[in-house]
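> Let me give you the structure first, and then I'll get to my questions.
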Amino acid sequence: MKYEILPSLLGADIGNLREGVVKARDSGADALHLDIMDPNFVPNISFGPDVVKLARTVAPELPRCVHLMMRRPDLYLEKFAAAGADAIQVHLESDCDLHSCLARIRALGIKNALVVNPETPAEKTLPYLKEVDGILVMTVHPGYGGQSFISECLPKISFIRAAAPELDIMIDGGGNGQTIPLSAKAGANQFVAGSFLYRAPDMKAAVEDLRERLK
Ligand code: DX5
Ligand code: ZN
């Protein structure tokens with residue numbers, strides 16, 4: 001299974017997002033992770049479709065993975081697809097018909113994924129496993145970058161991996177040189193890292209080091 005590393009633009013300097021996108025592209029990362037926050041769903045607000053558009057303009061070749069931390073993601077799918085999302089991830093805890101939402105994302109010609117918060121049991125993903133391209137296991141409570149990895153989420157990754165051997169499983173939150181290899185051991189193959197990669201003096205070296213640790 002291919003390992004993928006995704007810098008989260010939330011970890012970049014908000015005053016220079018263009019440079020944040022360039023850094024991610026030049027690091028050799030596999031894709032860019034963009035965190036969209038709705039204050040009805042998480043206790044924070046980040047950015048919207050225009051930043052996804054900016055990422056596409058600055059680095060069209062770097063795929064854009066859009067994580068919708070929204071109560072009603074179903075109302076915004078077309079907007080984010082038009083802005084350049086290559087994958088859209090929606091929360092199991094959101095307030096919409098998920099079966100239809102996941103199907104609509106695929107109908108837009110992009111990949112879907114279902115996200116589970118730390119307190120949501122892994123069993124709740126079972127009814128959706130045949131309808132998704134991936135599962136995103138949150139390893140922090142969504143809303144802020146720079147939090148510590150919650151290791152109690154690791155068994156959830158193993159449970160989902162056992163149920164879906166071929167599926168992409170991503171982790172998001174607190175990813176670094178220690179927690180990413182641990183998540184890989186549990187069965188994840190896609191790894192988001194925001195503050196760890198953007199705070200590294202050399203993001204390219206940090207991405208290469210992560211790839212070494214995953215060998
Ligand atoms: C949290 C976001 C994460 C976050 C990761 O709400 O979904 O993507 O940016 O940042 P770090 O790696 O700093 O935990
Ligand atoms: Zn995220």
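The values are calculated or read from the model by the stated rules, or taken from the named source; none is laboratory data. Predicted model only: the values in this text are computed from it and were never measured. When we count neighbours, we look across all protein chains shown, and the Cβ atoms used for this are built from the backbone with ideal geometry, even at glycine. SASA here: full protein model, heavy atoms, side chains in, ligands and nucleic acids out. Shrake-Rupley method; radii C 1.70, N 1.55, O 1.52, S 1.80 Å.
> Which of the trypsin sites (Lys or Arg not before Pro) found in segment 1-98 are in a DSSP loop and have at most 15 neighbouring Cβ atoms, other than their own, within 10 Å?
Those that pass, being in a loop and sparsely packed, are K2.
> For the chain, which span is the longest to avoid every loop-located (per DSSP) member of GluC sites (Glu not before Pro) having at most 11 other Cβ atoms inside 10 Å?
The longest such stretch corresponds to 1-60.
> Another one. For Cα pairs less than 8 Å apart in space and 6+ apart in sequence, what is the mean separation divided by the residue count of the chain, i.e. the relative contact order in percent?
For the chain, the relative contact order is 21 percent.
> Moving on to the next point. Pull up the cross-link candidates among the aspartates and glutamates for K124, meaning alpha carbon to alpha carbon under 20 Å and not fewer than 8 places away within one chain.
Correct list for K124: D74, E93, D95, D97, D133, E152, E166, D168, D172.
> Quick one: if you stick a label point 7 Å off each Cα along the C-beta vector at D133 and Q178, how many nm between them?
For D133 paired with Q178, the spin-label model returns 3.4 nm.
> Counting helices only, and only those DSSP H runs with n ≥ 4, report the 222 nm mean residue ellipticity of the chain as the sum of -39,500 (n - 2.57) divided by its residues, in deg cm²/dmol to the nearest 500.
For the chain, the value works out to -9500 deg cm²/dmol.
> Further question on the same structure: Which whole-number value in Å² is the accessible area per residue of the chain, probe 1.4 Å?
Value returned for the chain: 44 Å² of accessible area per residue.
> Run the accessible area of the chain with a 1.4 Å probe and give the carbon-and-sulfur part as a rounded percent.
Looking at the chain in its full context, I get 52 percent from C and S.
> At 7 Å along the Cα-to-beta-carbon direction for both F47 and R18, put a label point, then send me their distance in nm to one decimal.
Going by the 7 Å Cα→Cβ label model, 1.2 nm.
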